[in-house]
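Only the coordinates and a few stated rules stand behind these numbers; no lab work does. Treat the numbers as computed from the prediction; the structure is a model and nothing was measured. Note that we place each Cβ from the backbone using ideal geometry, even for glycine, and neighbour counts take in every protein chain shown.
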Amino acid sequence: MVTANPELAYNSKIEGDVTVTRADAAINWLRTNSMWPMPMGLACCAIELMASAASRFDIARFGAEVMRFSPRQSDCMIVAGTVTYKMAPVVRRIYDQMAAPKWVIAMGACASSGGMYRSYATLQGVDRILPVDVYVSGCPPRPEALLDALMKLQTKVRTERSWKKNFSAA
Amino acid sequence: MTTDVALPTAVSQQFPSATPRTSLDCPAFNIPAGDARALLKHLRDTLGYDFLMDLTAIDWSAGQSPRFTVVWHLYSSTKHTYVRIAAHCATDAEPAMPTATGLWAGADWHEREVYDMFGIKFTGHPDLRRILMWDAYPYFPLRKEFPLAGLPTEMSDADINAETGVGVIAAPMAGGPFVATPGEPMSEAEPRAKDETWNEQREKPE
């Protein structure tokens, strides 16, 4: 039978109702573990994106299962698929509508570089119009690769100077 | 595929201007642009070719005359046979063709696509706008003189153009074009980088 071990838990009787940490640590902890994606599903990569959300791969393990179809409620745009020049201004506008802090994952060869579509109609890499944080190789990448990208992004966010960046005047 | 053996005589009786067109499969006819609509209507109403399979065009490249040819593929749902009709556009600089939207509602988007890619105007079309590229796009990409990599121009949204300063560029072609190679096993024929002796740093050998 499992019993709670009070020695390892926070004991408010001894230590009081106060805990001390760095602001960055607390803010980044919140941000990393509830990074809601904006699914910018434009081609076949979006199928793998859906697979990542389903039970076998379960992106919910990393706190990113809440696909928000409103840019106002999302933190991380996952550009999954071929971005045509006709679609590019729309992608950028949706990115602009997202509330800061916001991040971008370029999922797959097309979003990262245009992929095999070296043609008049295709944007040659979404980094021409968006600041991309993580690129995922593959055509399409497997769901594990996307989860790896998400974990890399979480590692990046964990080391950000969030307080200084967002709350100080300088 | 069965062939409609009575079709050539049936067409040439009604339309003396129709001439046989070289074809490896179904019967095919050339027809002057002015008679095209009447022939299509005759095929649909009298000869049973009630389904417009495809509507496309050919660019025989600049300098050729006639330069543009519009092609219709029809199918008979009763006889289960096909027929192909081709008509040259009268002028090469401002190609035009009578619309088939009154005969088949499905011709609408096909003609918009042909207009988008070749710049052939379908006279009488109810809503002739671009369908794949955005409205302000200045080129017709399937014309022979248009390069696969594309030509520099602006994207459709003025706000975003001003904000990003990014426009349409000619796609880099090092290692490309990334097209399937015919005649190889599927695993070898897939689109992939081919000639990698040159890249952005090293000039293409002539």
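Say we look at region B:135-152 and pick out the residues that are farther than 14 Å from residue B:119 by Cβ and buried (at least 16 other Cβ atoms within 10 Å of the Cβ); which of these is farthest from the other protein chains (Cβ to nearest Cβ)?
Once the filter is applied, the top-ranked residue is B:149.
For region B:154-168, what are the residues that are more than 7 Å from every other protein chain (Cβ to nearest Cβ) and either of a type in the set (A, V, I, L, M, F, W, C) or surrounded by 11 or more Cβ atoms within 10 Å (Cβ to Cβ) (or both)?
Across region B:154-168, the qualifying residues are B:154, B:158, B:159, B:161, B:162, B:163, B:167.
Would region A:129-141 turn up any residue that is surrounded by fewer than 16 Cβ atoms within 10 Å (Cβ to Cβ), closer than 18 Å to residue A:32 by Cα, β-branched (Val, Ile, Thr) and free of Cβ contacts under 8 Å to residues at least 40 places away in the same chain?
Within region A:129-141, not a single residue is surrounded by fewer than 16 Cβ atoms within 10 Å (Cβ to Cβ), closer than 18 Å to residue A:32 by Cα, β-branched (Val, Ile, Thr) and free of Cβ contacts under 8 Å to residues at least 40 places away in the same chain.
Output the helices (runs of 4 or more DSSP H) that fall wholly within region A:102-170 and possess 2 or more residues being closer than 29 Å to residue B:152 by Cβ and within 14 Å of chain B (Cβ to nearest Cβ), or say none.
A:108-113
Being surrounded by fewer than 19 Cβ atoms within 10 Å (Cβ to Cβ) and within 20 Å of residue A:153 (Cα to Cα), is that true of even one residue in region A:120-127?
Scanning region A:120-127 turns up at least one residue that is surrounded by fewer than 19 Cβ atoms within 10 Å (Cβ to Cβ) and within 20 Å of residue A:153 (Cα to Cα).
Taking the condition of being assigned to a loop (DSSP other than H, G, I, E, B) and within 22 Å of the chain's Cα centre (by Cα), how many residues in region B:1-57 meet it?
So the answer is 12.
What pairs can you find where one residue is in region B:163-185 and of a type in the set (Val, Ile, Thr), the other is not in a loop (DSSP other than H, G, I, E, B), and their Cβ atoms are less than 6 Å apart, with a gap of 6+ or different chains?
B:166/A:128; B:168/B:153; B:181/B:189
Taking residue A:93, is it within 14 Å of chain B (Cβ to nearest Cβ), surrounded by fewer than 20 Cβ atoms within 10 Å (Cβ to Cβ) and either hydrophobic (A, V, I, L, M, F, W, C) or assigned to a helix (DSSP H, G or I) (or both)?
For residue A:93, the condition - within 14 Å of chain B (Cβ to nearest Cβ), surrounded by fewer than 20 Cβ atoms within 10 Å (Cβ to Cβ) and either hydrophobic (A, V, I, L, M, F, W, C) or assigned to a helix (DSSP H, G or I) (or both) - is met.
Look at residue B:113 and say whether it is under 17 Å from the mean Cα position of the chain (by Cα) and buried (at least 16 other Cβ atoms within 10 Å of the Cβ).
Yes.
Please pick out the residue among B:61, B:77 that is away from chain A (no Cβ under 14 Å) and free of Cβ contacts under 8 Å to residues at least 60 places away in the same chain.
Checking each option against the conditions leaves just B:77.
Can you tell me which residue among A:16, A:114 is more than 16 Å from the chain's Cα centre (by Cα) and surrounded by fewer than 17 Cβ atoms within 10 Å (Cβ to Cβ)?
Unique residue meeting the criteria: A:16.
Within region A:62-90, can you find the residues that are under 25 Å from residue A:121 (Cβ atoms) and outside any helix (DSSP H, G or I)?
Within region A:62-90, A:77, A:78, A:79, A:80, A:81, A:82, A:83, A:84, A:85, A:86, A:87 qualify.
Does residue B:180 satisfy the condition of being among the hydrophobic types (A, V, I, L, M, F, W, C), over 20 Å from residue A:113 (Cα atoms) and more than 9 Å from chain A (Cβ to nearest Cβ)?
no
Among what's in region A:23-46 and is over 17 Å from the mean Cα position of the chain (by Cα) and either in a helix (DSSP H, G or I) or free of Cβ contacts under 8 Å to residues at least 40 places away in the same chain (or both), pick the residue that is farthest from residue A:157 (Cα to Cα).
Across region A:23-46, the extreme among qualifying residues is A:23.
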